[in-house]
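Below is one structure; the comments refer to it alone.
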Amino acid sequence: MSKRYTITAALPYTNGPIHIGHLAGVYVPADIYARFKRLTDNDVLFICGSDEHGVPITIKAKKEGITPQDVVDKYHAIIKTSFEDFGITFDNYSRTSAQIHHETASEFFKTLYDKHEFVEEVTEQLYDEEANQFLADRFVTGTCPKCGHEEAYGDQCENCGSSLSATELINPKSAITGNVPTLKETKHWFLPLNKHENFLREWILEGHKKDWKPNVYGQVKSWIDDGLRPRAVTRDLDWGIPVPVPGGEGKVLYVWFDAPIGYISATKEWANREGKDWTPYWKDKDTKLLHFIGKDNIVFHCIIFPSMLKAEGSYILPDNVPANEFLNLEGKKLSTSKNWAVWLPEYLEDFPGQQDVLRYVLTANAPESKDNDFTWKDFQARNNNELVAIFGNFINRVVVLTNKYYNGVVPKASEFSAVDEETLAAVRAYPDVIASSIERYRFREASQELMNLARLGNKYLADEEPWKLVKTDEARTKTIMYVALQIASALATLSEPFLPFTSEKLKRILDITGATWRAVKTQDELIESGHQIGKGELLFSKIEDKTIQAQLNKLEASKKANEAANATVEPQKDTITFEDFTKLDIRVGKILEAEKMPKTKKLLVLKVDTGIDTRTIVSGIAESFTPEEVIGKQVTVLVNLAPRALRGVESEGMILMTETPEGKLVFVNPDQAVKNGLQIS
């Protein structure tokens with residue numbers, strides 16, 4: 001029985017092109033799922049759009065000396081075209097600068113405002129005196145109070161995934177001027193998430209414990225167990241949707257309030273264009289709502305947006321939020337700012353007609369439960385050893401032999417052997433096998449089951465050897481080729497969610513429209529005897545070493561260019577008085593004990609002899625040093641820094657470090673052993 005599905009993919013920021021991390025985390029799995037649901041005769045609405053109101057947009061505009069509208073217009077066009085060229089089948093790709101979105105988001109806000117679902121508070125916010133503006137979200141960076149990551153943003157730490165507020169950051173600085181911000185009072189509206197805590201606990205922790213992915217469920221449980229707090233839904237900015245109520249002058253809707261409403265406005269836009277009713281896709285309880293996102297968006301789609309929908313009262317809630325982890329590149333974290341990425345527009349230019357190769361590699365290596373690594377060597381190996389040698393090889397043999405023996409006409413089978421019956425039964429089982437993996441959001445597993453069907457075809461031909469039998473047993477050869485063509489026809493249909501361009505090409509070669517998903521598992525004959533197929537052509541081409549080396553060279557050049565751009569010495573900080581300097585108590589200490597802080601990547605818990613006492617210091621050096629390496633080292637310690645709790649451990653000082661141009665941390669320590677407690681002045 002068919003069902004209605006509303007499938008959303010995270011709205012990409014329009015401050016740059018799409019890269020492989022975005023594709024692997026969100027858009028390829030979402031497209032696989034949407035294509036599969038269409039093939040299984042469901043009513044599918046697959047929507048997305050450009051997120052054009054984020055702080056990164058305004059930062060990009062400032063850097064380039066253009067307006068935010070110039071930025072979003074440029075990248076919206078690039079992103080939309082890239083998705084179309086890559087075969088992502090959105091039913092509508094909208095943008096949050098559209099009038100219909102402004103109207104929808106404003107109406108949503110006013111509905112919650114009129115229902116008294118917001119609380120109004122005057123709070124102290126970080127303020128850049130030189131820039132003369134408040135520092136919302138990405139306008140401020142600092143050290144994460146939960147994991148010690150030194151490049152956390154004012155709304156989130158991308159290292160540990162924690163949701164933050166700007167005032168929580170340790171050592172915050174303005175992303176506009178680099179200055180240390182001050183605190184200034186301002187009025188905002190807040191969504192009291194604590195009010196919805198019991199609902200979220202019942203709906204997610206009790207209702208979705210078994211069907212949500214462990215990484216999603218675990219992260220949500222951690223937030224709820226820590227206790228939810230009111231979350232601001234407005235910001236002091238001049239770029240965004242104006243707050244549509246009295247007192248909102250000079251303020252805009254917080255981007256993570258307005259962005260998910262973009263799914264709703266995109267649906268309205270689609271419905272207006274197609275002459276349909278949008279409401280069943282968002283308000284009919286029989287509709288299944290799914291959000292495909294990356295792990296950095298879990299809090300917004302699992303806690304904030306559902307709380308908004310619940311407060312509004314007339315919308316359905318997401319059935320599932322199958323978030324993926326992050327994809328690294330050649331062993332390093334993808335970074336748009338450092339240009340350490342494989343950009344989709346460049347890939348499409350460098351590998352024309354090979355969209356499916358990247359789709360397959362990203363699916364076969366998808367970061368579904370943990371961060372995974374993309375390497376160009378693996379890309380080459382999967383293409384050459386799997387797509388070419390298994391899938392492409394089977395199809396080529398079948399088509400070439402059919403044209404050679406029967407002038408491209410599908411032969412009539414005679415009596416089936418036990419092997420034939422077993423093979424055809426296995427083919428009919430694959431739709432359910434692949435569907436089971438897709439329904440559980442195990443797209444890696446599903447892609448390998450598809451490849452197993454191609455392996456089945458290769459094994460069948462290798463075992464039955466029609467090229468030997470053709471001279472001695474004509475009837476048997478016809479039966480073998482008939483069975484092989486049924487496998488090829490099944491591949492043409494079942495490959496569509498994963499390899500849409502290949503599926504289309506294979507259907508053209510076989511001159512078939514393609515059976516439905518159901519037909520593959522129920523029909524005895526997918527391609528009829530007497531049917532004329534076309535001539536053979538390669539589905540995939542081998543990728544040579546020089547092609548891969550060119551991509552590696554491009555990455556290396558990008559790395560060197562970024563290092564050169566950032567090789568400048570930091571400018572002198574603001575002048576201080578001698579009295580300011582004398583307040584710092586810096587001493588030589590010795591590390592006596594060291595251990596990793598549980599559940600963190602960067603933090604070591606150190607016991608340090610400062611000469612005046614032995615104290616605990618939490619230091620973010622675990623990615624550069626093991627505990628064993630630092631025990632016994634003399635270090636320079638700022639001992640009169642106010643204590644601060646990090647992950648429940650009180651840190652009573654700071655180890656002074658510096659960083660080389662290559663990003664390696666280095667201790668600032670004396671050239672020779674000295675007495676612990678010696679003051680540095």
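The values are calculated or read from the model by the stated rules, or taken from the named source; none is laboratory data. This one's a predicted model, so the numbers in the text were calculated from it and none came from an experiment. Glycine gets a Cβ as well: all are built from the backbone with ideal geometry, and neighbour counts include every protein chain shown. The area values use the complete protein model at the heavy-atom level, side chains included, leaving out ligands, DNA and RNA. Shrake-Rupley method; radii C 1.70, N 1.55, O 1.52, S 1.80 Å.
Filtering the range 356-365 to residues that are buried (at least 22 other Cβ atoms within 10 Å of the Cβ) and either among the polar types (S, T, N, Q) or modelled with pLDDT under 95 (or both) leaves only Thr363. If you go through the range 595-606 one residue at a time, do you hit one that is under 30 Å from Lys332 (Cα atoms), crowded, with 17+ Cβ neighbours inside 10 Å, modelled with pLDDT of 90 or more and of a type outside the set (Val, Ile, Thr)? So far as the range 595-606 goes, yes, one or more of its residues are under 30 Å from Lys332 (Cα atoms), crowded, with 17+ Cβ neighbours inside 10 Å, modelled with pLDDT of 90 or more and of a type outside the set (Val, Ile, Thr).
Pairing residues of the range 36-51 that are under 26 Å from Lys521 (Cβ atoms) and without any contact (Cβ under 8 Å) to a residue 40 or more places away in the chain with residues that are surrounded by fewer than 21 Cβ atoms within 10 Å (Cβ to Cβ) and among the basic types (Lys, Arg), at Cβ distances under 9 Å and at least 6 apart in sequence or on separate chains, gives Lys37/Lys3.
Residues of the range 234-247 include at least one that is over 26 Å from Val321 (Cα atoms), at pLDDT 95 or above, touching a helix residue (DSSP H, G or I) at 6+ places or on another chain (Cβ under 6 Å) and of a type in the set (A, V, I, L, M).
Scanning the range 21-44 for residues that are surrounded by 24 or more Cβ atoms within 10 Å (Cβ to Cβ) and either more than 16 Å from the chain's Cα centre (by Cα) or assigned to a strand (DSSP E or B) (or both) yields a total of 2. Would you confirm whether any residue within the range 623-644 is touching a helix residue (DSSP H, G or I) at 6+ places or on another chain (Cβ under 7 Å), assigned to a loop (DSSP other than H, G, I, E, B) and either open to solvent by less than 80 Å² (accessible area, probe 1.4 Å) or not β-branched (Val, Ile, Thr) (or both)? For the range 623-644, residues touching a helix residue (DSSP H, G or I) at 6+ places or on another chain (Cβ under 7 Å), assigned to a loop (DSSP other than H, G, I, E, B) and either open to solvent by less than 80 Å² (accessible area, probe 1.4 Å) or not β-branched (Val, Ile, Thr) (or both): absent. If you go through the range 309-350, how many residues are open to solvent by 30 Å² or more (accessible area, probe 1.4 Å), within 30 Å of Ile204 (Cα to Cα) and not hydroxyl-bearing (Ser, Thr, Tyr)? The total comes to 7.
Conditions tested, residue by residue: (1) surrounded by 14 or more Cβ atoms within 10 Å (Cβ to Cβ); (2) modelled with pLDDT of 95 or more; (3) farther than 22 Å from Glu525 by Cβ.
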site	(1), (2), (3)
Ser369	no, no, yes
Trp376	yes, yes, yes
Ala389	yes, yes, yes
Asn396	yes, yes, yes
Thr402	yes, yes, no
Ala413	yes, yes, no
Val433	yes, yes, no
Tyr441	yes, yes, yes
Ala446	yes, yes, yes
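Among the residues that make up the range 557-572, is at least one of them in contact (Cβ under 8 Å) with a residue 24 or more places away in the chain and loosely packed, with under 11 Cβ neighbours inside 10 Å? Yes, the range 557-572 has at least one match.
Quickly run through the range 415-431 and pick out the residues that are under 41 Å from the mean Cα position of the chain (by Cα) and either open to solvent by less than 60 Å² (accessible area, probe 1.4 Å) or touching a residue at least 12 places away in the same chain (Cβ under 8 Å) (or both). Once the filter is applied, which keeps residues that are under 41 Å from the mean Cα position of the chain (by Cα) and either open to solvent by less than 60 Å² (accessible area, probe 1.4 Å) or touching a residue at least 12 places away in the same chain (Cβ under 8 Å) (or both), the range 415-431 yields Thr423, Leu424, Ala425, Ala426, Val427, Arg428, Ala429, Tyr430, Pro431. Filtered by the rule that a residue be touching a residue at least 12 places away in the same chain (Cβ under 8 Å), surrounded by fewer than 16 Cβ atoms within 10 Å (Cβ to Cβ) and part of a loop (DSSP other than H, G, I, E, B), the range 200-224 gives a lone residue, Asp211. Scanning for something under 20 Å from Lys596 (Cβ atoms) and out of contact with any strand residue (DSSP E or B) (no Cβ under 9 Å at 6 or more places or on another chain), does the range 140-157 turn up at least one residue? No, the range 140-157 contains no residue that is under 20 Å from Lys596 (Cβ atoms) and out of contact with any strand residue (DSSP E or B) (no Cβ under 9 Å at 6 or more places or on another chain).
A count restricted to the range 503-520 and to residues that are open to solvent by 70 Å² or more (accessible area, probe 1.4 Å) and more than 32 Å from the chain's Cα centre (by Cα) stands at 3.
Of the residues making up the range 521-547, just one is farther than 17 Å from Gln354 by Cβ, of a type in the set (Val, Ile, Thr) and open to solvent by 20 Å² or more (accessible area, probe 1.4 Å), namely Thr522.
Within the range 1-46, the residues that satisfy the criterion of being farther than 30 Å from Ala61 by Cβ and touching a Phe, Trp or Tyr at 6+ places or on another chain (Cβ under 6 Å) are Thr6, Ile7, Pro29, Ile32, Ala34, Lys37, Leu39, Thr40, Asn42, Val44, Leu45, Phe46.
Of all the listed residues (Ile88, Ile66), the sole one being assigned to a loop (DSSP other than H, G, I, E, B), free of Cβ contacts under 8 Å to residues at least 60 places away in the same chain and open to solvent by 10 Å² or more (accessible area, probe 1.4 Å) is Ile66. Within the range 611-628, being under 17 Å from Phe667 (Cβ atoms) and of a type in the set (S, T, N, Q) holds for Ser619, Ser624, Thr626.
Only one entry of Ile527, Ile548, Ile543 meets the criterion of being β-branched (Val, Ile, Thr), in a helix (DSSP H, G or I) and modelled with pLDDT of 90 or more, and that entry is Ile548.
Name, by its number, the condition in (1) β-branched (Val, Ile, Thr); (2) under 30 Å from Gln219 (Cα atoms); (3) free of Cβ contacts under 8 Å to residues at least 12 places away in the same chain that does not hold for Thr577. Evaluating Thr577 over (1) β-branched (Val, Ile, Thr); (2) under 30 Å from Gln219 (Cα atoms); (3) free of Cβ contacts under 8 Å to residues at least 12 places away in the same chain leaves (2) as the failure. Taking Gly353 as the residue in question, decide whether it is in contact (Cβ under 8 Å) with a residue 12 or more places away in the chain, of a type in the set (Gly, Ala, Ser) and either in contact with a helix residue (DSSP H, G or I) (Cβ under 7 Å, 6 or more places away or on another chain) or surrounded by fewer than 19 Cβ atoms within 10 Å (Cβ to Cβ) (or both). So Gly353 passes the test. Just checking, how many residues over the range 70-128 are within 25 Å of Val342 (Cβ to Cβ) and among the hydrophobic types (A, V, I, L, M, F, W, C)? Residues in the range 70-128 being within 25 Å of Val342 (Cβ to Cβ) and among the hydrophobic types (A, V, I, L, M, F, W, C): 9 in total. Within the range 280-308, the set of residues being without any contact (Cβ under 8 Å) to a residue 60 or more places away in the chain and surrounded by fewer than 20 Cβ atoms within 10 Å (Cβ to Cβ) comprises Lys283, Lys285. For the range 124-176, a residue qualifies if it is within 27 Å of Val605 (Cβ to Cβ) and of a type in the set (Phe, Trp, Tyr), and exactly one does: Tyr153.
So, of the residues in the range 245-279 that are open to solvent by 40 Å² or more (accessible area, probe 1.4 Å) and not in a helix (DSSP H, G or I), which turns out to be farthest from Asp114 (Cα to Cα)?
So the residue we want is Gly275.
For the range 330-348, the condition of being at pLDDT 95 or above and over 23 Å from Lys546 (Cβ atoms) holds for none of the residues. For Gly227, are the conditions met, namely being on the phi > 0 side of the Ramachandran plot, surrounded by fewer than 22 Cβ atoms within 10 Å (Cβ to Cβ) and over 24 Å from the mean Cα position of the chain (by Cα)? Yes, satisfied.
Among the residues of this structure, Asp238 counts as one that is within 30 Å of Asn132 (Cα to Cα), surrounded by fewer than 19 Cβ atoms within 10 Å (Cβ to Cβ) and acidic (Asp, Glu).
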